[in-house]
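One structure is given here, and the rest of the page talks about it.
The values are calculated or read from the model by the stated rules, or taken from the named source; none is laboratory data. Values in this document were obtained by computation on a predicted structure and should not be read as measured data. Quick reminder, even Gly has a Cβ in these numbers, built from the backbone with ideal geometry, and neighbours come from all protein chains shown.
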Amino acid sequence: MSIAPLTEDQRDALQEVLNIAMGQAGNSLARILDAFVELSVPRIRFVEVSMVTSTIEEFVPCSGEVTAVRQAFFDDLRGEALIIFDQNGCQDIADLMGYDDHLDVQAQQELLLDVSNVLVGAILNGVTNTLGTHLSYSAPSIMAERTLLNQIITPENVPWTHSALLEVNYSLKDRDFRSHLLLFMAEEAIEALRKAVDDFVESF
Amino acid sequence: MDSHAATTPLLNFIVDRVNIGIFVINKEMDIILWNHFMETYSGTSAEEALGQNLFKQFPELPSAWLKRKINSVFILKNFAFTSWEQRPYLFKFPHNRPVTGGVDSMRQNCTFLPVIDEKNNEEYVCVTLLDVTDTSIYQNRLEETKQQLAEASNRDGLTGIHNRRYLEDSILKEFARATRYKEALSFIILDIDHFKHVNDDLGHLAGDEVLRRVAEILSATVRDTDILARYGGEEFGIVCPSTRLEGAMMLAERVRTSIATTLILYDEKPVPITISLGVAQFNNDIDSYEKLINQADTALYQSKEKGRNCATYYIKDD
């Protein structure tokens, strides 16, 4: 099926929604982590499946191996979030999340899942608050560990041809931590996003 | 009829009796709902739990981590989760499989749900606790089976020692390590002398028995750090990590002597068995593990030339 991308006005509105959401997210994250979180300006793209790997590589400038967590969200908006961590900096946030000094494999995985859940929730709740929509979430799970960035998604196994892709990256001030959040909303979910943005614009 | 009024007792009944742990806490971490599942497994009744501080009532809970988790739900008004795969349980509860379990306590997946009571302007966190002990047991069995399969695919069916595939994997790994850390590495290849005669004169069953006995003697003679495998036919290989040529030659000589001096019987009759060995040491000229095997092979050939039942090490012929 063919999906029209958002119009320029819709894109501008979505960008604005994301900017507001980022402000709220940064604020909430700072309260949870007791640390200043630097958030990038969100980027919005419409990608075809053939472009997905190169777009991820463009958004996530990381040459080494990465670990990636996925989490689904559904209700008024629907899609899947990918959180990509480079291998540094995980230990660095362990104490921020209330973990003991020494992390075994399970504790490291749980930390990544906890942090991912918080990062996804912070942004998407900012979005839903602004748009006046509701969301539910599935439990996050680890989709790739110590894998090259261009191998975390296998385009042949992706069941969509077009998707909206939103990217934000986070870093912690004075700490060696950085991660990237990619939100995919594919096919019909783009229409739901379009409708939510239109309703938001009309509410003014 | 007011459907709301009619369904409320139903909902209360279901929340209490559903086979899922459900409890609710307020911002002070006081328990304000504690369902039947929680009562049954914790041994703490709703009467005892309600109004109590969660961490005072259950001091065994991982408080630093859990407080952060619950706070993140209050602050973000967001879901949070725990999975048994990373954290086996939140509360240490008994499970319902005392006979068929194999795990010590109930495995739990938990969801932390933000609850907002708009009428009273109060916020809560509802925690649901799902018993996933069954899933975890099947998952563990699957992992065990996968490990057994991996192990089986590395074993030689006849002798039970490692097979050629495993040997090549090991030598590749050890080769990479020796190259990176400039460590010593030696390789021994050995071959049963006149094995064809055993098969021709006594039959293949005798040949199989000899191979099994040789494998046993070799296993008992090599050091713990050596990697022994059946290389193919009547050939065996020994990877010797952190071992120089002199050490490898000593091991080769010890192995040769054990085989030559151990009585091997077939059908209650002794079968005289000797072996020939070739030894090679990794050095900077060797740029692939195949080359190391080839050099040991060349030395083995020289042992055969010299009249068998001996060990020879590789010398560069230039």
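Structure notes:
- Among the residues of this structure, residue A:194 does not count as one that is in a strand (DSSP E or B) and surrounded by fewer than 21 Cβ atoms within 10 Å (Cβ to Cβ).
- Matching residues, the stretch A:3-48, being more than 14 Å from chain B (Cβ to nearest Cβ), of a type in the set (Gly, Ala, Ser) and without any contact (Cβ under 8 Å) to a residue 60 or more places away in the chain: A:4
- Test for residue B:42: is it crowded, with 18+ Cβ neighbours inside 10 Å, small (Gly, Ala, Ser) and either facing chain A (nearest Cβ under 9 Å) or under 25 Å from residue A:134 (Cα atoms) (or both): no
- Candidate set: the stretch A:119-142, residues that are more than 9 Å from chain B (Cβ to nearest Cβ) and in a helix (DSSP H, G or I); chosen: the one nearest to residue B:65 (Cα to Cα): A:119
- Qualifying position, being among the charged types (D, E, K, R), within 14 Å of chain B (Cβ to nearest Cβ) and out of contact with any helix residue (DSSP H, G or I) (no Cβ under 8 Å at 6 or more places or on another chain), among A:104, A:114: A:104
- Test: residue in the stretch B:50-70 that is touching a residue at least 40 places away in the same chain (Cβ under 8 Å) and within 24 Å of residue A:32 (Cβ to Cβ): yes
- Matching residues, the stretch B:75-116, being of a type in the set (Lys, Arg) and more than 22 Å from residue A:121 (Cα to Cα): B:92, B:97, B:107
- Considering residues of the stretch B:48-69 that are touching a strand residue (DSSP E or B) at 6+ places or on another chain (Cβ under 6 Å) and buried (at least 18 other Cβ atoms within 10 Å of the Cβ) only, the residue farthest from the other protein chains (Cβ to nearest Cβ): B:49
- Answer from A:168, A:158, A:201, A:127 - the residue that is in contact with a Leu (Cβ under 6 Å, 6 or more places away or on another chain) and either more than 14 Å from residue A:71 (Cβ to Cβ) or modelled with pLDDT of 90 or more (or both): A:168
- Test: residue in the stretch B:76-87 that is of a type in the set (Gly, Ala, Ser) and part of a helix (DSSP H, G or I): no
- Contact map, the stretch B:6-27: residues that are farther than 21 Å from residue B:114 by Cβ paired with residues that are charged (D, E, K, R), Cβ distance under 7 Å, separation 6+ or inter-chain. No pairs are found.
- Residues of the stretch B:216-235 satisfying the condition of being touching an Asp or Glu at 6+ places or on another chain (Cβ under 8 Å) and either surrounded by 19 or more Cβ atoms within 10 Å (Cβ to Cβ) or modelled with pLDDT under 90 (or both): B:227, B:229, B:230, B:234
- Within the stretch B:70-85, being crowded, with 18+ Cβ neighbours inside 10 Å and of a type in the set (S, T, N, Q) holds for B:72, B:78, B:82, B:83.
- Qualifying residues in the stretch B:213-263 (those that are in a strand (DSSP E or B) and of a type in the set (Gly, Ala, Ser)) - the one farthest from residue B:191 (Cα to Cα): B:229
- Strands (runs of 3 or more DSSP E) fully within the stretch A:9-118 counting 2 or more residues that are of a type in the set (A, V, I, L, M, F, W, C) and farther than 19 Å from residue A:162 by Cα: A:37-39, A:65-75, A:79-86
- Leading residue by the ranking (farthest from the other protein chains (Cβ to nearest Cβ)) among those in the stretch B:81-111 that are among the β-branched types (Val, Ile, Thr) and out of contact with any Cys (no Cβ under 7 Å at 6 or more places or on another chain): B:99
- Qualifying residue in the stretch B:280-300 (condition: polar (S, T, N, Q), buried (at least 22 other Cβ atoms within 10 Å of the Cβ) and touching a Leu at 6+ places or on another chain (Cβ under 6 Å)): yes
- First in the stretch B:142-160 and among the polar types (S, T, N, Q), second anywhere and in a helix (DSSP H, G or I), Cβ under 6 Å, 6 or more apart: B:154/B:166; B:159/B:211; B:159/B:212; B:159/B:215
- Cβ-Cβ under 8 Å pairs, at least 6 apart or on other chains, the stretch B:277-291 side small (Gly, Ala, Ser), far side assigned to a loop (DSSP other than H, G, I, E, B) and surrounded by 14 or more Cβ atoms within 10 Å (Cβ to Cβ): B:278/B:314; B:280/B:314
- Residue B:115 being part of a strand (DSSP E or B), surrounded by fewer than 21 Cβ atoms within 10 Å (Cβ to Cβ) and in contact (Cβ under 8 Å) with a residue 24 or more places away in the chain: yes
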